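S.K.: Sharing a structure here in structure tokens format.
The values are calculated or read from the model by the stated rules, or taken from the named source; none is laboratory data. For clarity, every value in this text was computed on a predicted model and none was experimentally measured. A quick note on method: Cβ atoms are made from the backbone with ideal geometry, for glycine too, and the neighbour counts reach across all protein chains shown. When the accessible area is computed, the model is the full protein with side chains, heavy atoms only, and any ligands, DNA or RNA have been set aside. Shrake-Rupley method; radii C 1.70, N 1.55, O 1.52, S 1.80 Å.
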Amino acid sequence: MLFPGALFTDPETSALVQFEMRHLEDKYRNQVLTMACTLVSLVDLRDSYTGGHSTRVAEYSRRMALELQLSDRDAEMVVMAASLHDIGKIGVSEAVLRKPGKLTDEEFEEIRKHPEFGWMVLRGLEGFEEISQMLLHHHERFEGGGYPGGLRGHEIPLGARIITVADSFDAMTSNRPYRKAGSAEAATRELLRCAGTQFDPEVVEGFMPHLLRTYLNAAGRVSA
């Protein structure tokens, strides 16, 4: 006969309970991620740039996380945050998202709100607290002066610093309604030029091996 507490003191039963709990946690997490990705897809319907952009930013972020030797758990968090980094654009008007020309000051202020909107979407979801902070701060600058918090250096979450580099590189190398895509070489030079000001220099350094292998063919065409 089992007495109260025996269910959790028996090693085999306890292991089974722990396995089931992890399974339920993973299931819940996957359901929440699916919901969040669905919201990103809704943004993609309004702004065709966002969907492919988020996928590429996630892949660039994964490469940097590996190069910087983040733990599996931390790398997973960064990649997930990168996939969702523009989810806050769901709160930005379609007219601003699709505008082909230069934004007015008022329109720019609206687009600047999307990190806060993304943070608000995810901050209350269990397991997404850390990810929501990466979304909130992915437009901060390493030297300060970014938004929304004006954080600087290591005050900015590492995941946000990684996403900033990935986001900027993809923005520079993608076609937008108001300009043509720049070359990977020009974008790489810009990352190097702004390392220490806009970007974390260690993160930029962690991106270089992938860029050299993939875009610049390690031929010495880009110098620090």
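S.K.: Give the residues of the range 93-117 that are in contact with a helix residue (DSSP H, G or I) (Cβ under 9 Å, 6 or more places away or on another chain), at pLDDT below 90 and open to solvent by less than 40 Å² (accessible area, probe 1.4 Å), sorted by residue number.
M.R.: Matches in the range 93-117: V96, L97.
S.K.: Quickly run through the range 188-211 and pick out the residues that are touching a Pro at 6+ places or on another chain (Cβ under 6 Å) and at pLDDT below 95.
M.R.: none
S.K.: Name the residues in the range 176-212 that are touching an Asp or Glu at 6+ places or on another chain (Cβ under 8 Å) and more than 21 Å from H139 (Cα to Cα), would you?
M.R.: Passing the criteria: P209, H210.
S.K.: For the range 123-146, which residues satisfy the criterion of being in contact with a helix residue (DSSP H, G or I) (Cβ under 7 Å, 6 or more places away or on another chain), open to solvent by 10 Å² or more (accessible area, probe 1.4 Å) and in a loop (DSSP other than H, G, I, E, B)?
M.R.: R123, L125, G127, H137, H139, F142
S.K.: With the requirement that a residue be in contact (Cβ under 8 Å) with a residue 60 or more places away in the chain and closer than 28 Å to T34 by Cβ, what does the range 91-134 give you? First the steps, then the outcome.
M.R.: Restricting attention to the range 91-134, the residues satisfying the condition of being in contact (Cβ under 8 Å) with a residue 60 or more places away in the chain are 98-102, 121-122, 125-128.
Result: R98, V121, L122, L125, E126, G127, F128.
S.K.: Oh, and also: Kindly list, by first and then second residue, each pair from a residue in the range 183-194 that is of a type outside the set (G, A, S) to a residue that is surrounded by fewer than 16 Cβ atoms within 10 Å (Cβ to Cβ), limited to pairs with Cβ atoms under 7 Å and residues at least 6 apart or on different chains.
M.R.: Sorted first by the residue in the range 183-194, then by its partner, the pairs are E185/R221; L192/A224.
S.K.: Out of everything in the range 173-204 that is surrounded by fewer than 19 Cβ atoms within 10 Å (Cβ to Cβ) and within 18 Å of the chain's Cα centre (by Cα), what residue ends up being farthest from A95 (Cα to Cα)?
M.R.: E202
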